[in-house]
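**Q** Take a look at this one; I'll ask things after.
The values are calculated or read from the model by the stated rules, or taken from the named source; none is laboratory data. Every value quoted in this text rests on a predicted model; they were computed, and no experiment measured them. We place every Cβ from the backbone using ideal geometry, glycine too, and count neighbours over all the protein chains shown.
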Amino acid sequence: MGLTKLPPIYIPEIKEEHITDYGNVSNDFNPLHFDKKAAKQAGFPTIIAHGMMTMGISTKLISPWLSKDYIISEYESSFRQPLLVGDSLHLVGKMIKQKETYARISFEGVNQANQTIITGKIWVNSILTE
């Protein structure tokens, strides 16, 4: 595999347009993602990002493998805090185990206040067989 260090991913600001675009593409129109008043009534200071959007961003950690005959075979995550409009997201991955045909990665994403937003593990496997 050859990749031992995972470069961190940094998104300086989650913008409302990112959330709106994701909602339109995913067809998820939950008011918590679009309506500030609904989000505030639910106890959030502003609209929140879709969990799947946050998960999608986290897969950037393993993007170097995806163009080299590898696929995500498993993915698990836990949402610890909502990702809000205006937040930054800093993702760091750690290699748990690596062989020629697979890698196991753990990751954590935190916002600008160093609050954990998401944690998880990603399994990447080769699609090539001998």
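**Q** When you scan the stretch 25-38, do you find a residue that is out of contact with any Gly (no Cβ under 7 Å at 6 or more places or on another chain), part of a loop (DSSP other than H, G, I, E, B), farther than 29 Å from Met95 by Cα and polar (S, T, N, Q), even just one?
**A** Checking the stretch 25-38: at least one residue is out of contact with any Gly (no Cβ under 7 Å at 6 or more places or on another chain), part of a loop (DSSP other than H, G, I, E, B), farther than 29 Å from Met95 by Cα and polar (S, T, N, Q).
Residue-by-condition table, conditions (1) of a type outside the set (A, V, I, L, M, F, W, C); (2) under 20 Å from Ile127 (Cβ atoms); (3) crowded, with 17+ Cβ neighbours inside 10 Å; (4) touching a Phe, Trp or Tyr at 6+ places or on another chain (Cβ under 6 Å):
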| site | (1), (2), (3), (4) |
| --- | --- |
| Phe29 | no, no, no, no |
| His33 | yes, no, yes, no |
| Ala42 | no, no, no, no |
| Ile47 | no, no, yes, no |
| Gly51 | yes, no, no, yes |
| Lys68 | yes, yes, no, no |
| Ile72 | no, yes, no, no |
| Gly93 | yes, no, yes, yes |
| Ala103 | no, yes, yes, no |
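**Q** Let me ask something else about it. If you go through the stretch 65-86, how many residues are over 16 Å from Thr116 (Cα atoms) and in contact with a strand residue (DSSP E or B) (Cβ under 9 Å, 6 or more places away or on another chain)? Before you say what the answer is, go through the steps one by one.
**A** First pass over the stretch 65-86, keeping only residues over 16 Å from Thr116 (Cα atoms): 65-75.
Filter once more, keeping what is in contact with a strand residue (DSSP E or B) (Cβ under 9 Å, 6 or more places away or on another chain): 65-66, 68-75.
Within the stretch 65-86, residues that are over 16 Å from Thr116 (Cα atoms) and in contact with a strand residue (DSSP E or B) (Cβ under 9 Å, 6 or more places away or on another chain) number 10.
**Q** On the given criteria, is Tyr22 among the aromatic types (Phe, Trp, Tyr), touching a Ser or Thr at 6+ places or on another chain (Cβ under 9 Å) and either assigned to a helix (DSSP H, G or I) or closer than 22 Å to Val92 by Cβ (or both)?
**A** no
**Q** Oh, and also: Please enumerate the residues belonging to the stretch 34-52 that are in contact (Cβ under 8 Å) with a residue 12 or more places away in the chain and over 17 Å from Glu76 (Cβ atoms).
**A** Hits for the stretch 34-52 are Phe34, Asp35, Phe44, Pro45, Thr46, Ile47, Ile48, Ala49, His50.
**Q** Of Ile96, Ile71, Ile118, Ile62, which residue is within 22 Å of Pro31 (Cα to Cα) and aliphatic (A, V, I, L, M)?
**A** That would be Ile118, the only listed residue that is within 22 Å of Pro31 (Cα to Cα) and aliphatic (A, V, I, L, M).
**Q** From the residues in the stretch 8-19 that are under 14 Å from the mean Cα position of the chain (by Cα) and part of a helix (DSSP H, G or I), which one is surrounded by the most Cβ atoms within 10 Å (Cβ to Cβ)?
**A** Within the stretch 8-19, the match that is surrounded by the most Cβ atoms within 10 Å (Cβ to Cβ) is Ile19.
**Q** Quick one: in the stretch 82-91, of everything that is hydrophobic (A, V, I, L, M, F, W, C) and under 12 Å from the mean Cα position of the chain (by Cα), which residue is surrounded by the fewest Cβ atoms within 10 Å (Cβ to Cβ)?
**A** Restricting to residues being hydrophobic (A, V, I, L, M, F, W, C) and under 12 Å from the mean Cα position of the chain (by Cα), the top hit is Leu89.
**Q** Give the residues of the stretch 14-48 that are among the small types (Gly, Ala, Ser) and either at pLDDT below 95 or more than 16 Å from Gln81 (Cβ to Cβ) (or both), sorted by residue number. So that I can check it myself, show each step before the final result.
**A** Here is the first cut: in the stretch 14-48, the ones among the small types (Gly, Ala, Ser) are 23, 26, 38-39, 42-43.
Residues satisfying the conditions are Gly23, Ser26, Ala38.
**Q** Name every residue in the stretch 49-79 that is among the small types (Gly, Ala, Ser), modelled with pLDDT of 95 or more, over 10 Å from the mean Cα position of the chain (by Cα) and in a strand (DSSP E or B), in order of residue number.
**A** Once the filter is applied, which keeps residues that are among the small types (Gly, Ala, Ser), modelled with pLDDT of 95 or more, over 10 Å from the mean Cα position of the chain (by Cα) and in a strand (DSSP E or B), the stretch 49-79 yields only Ser78.
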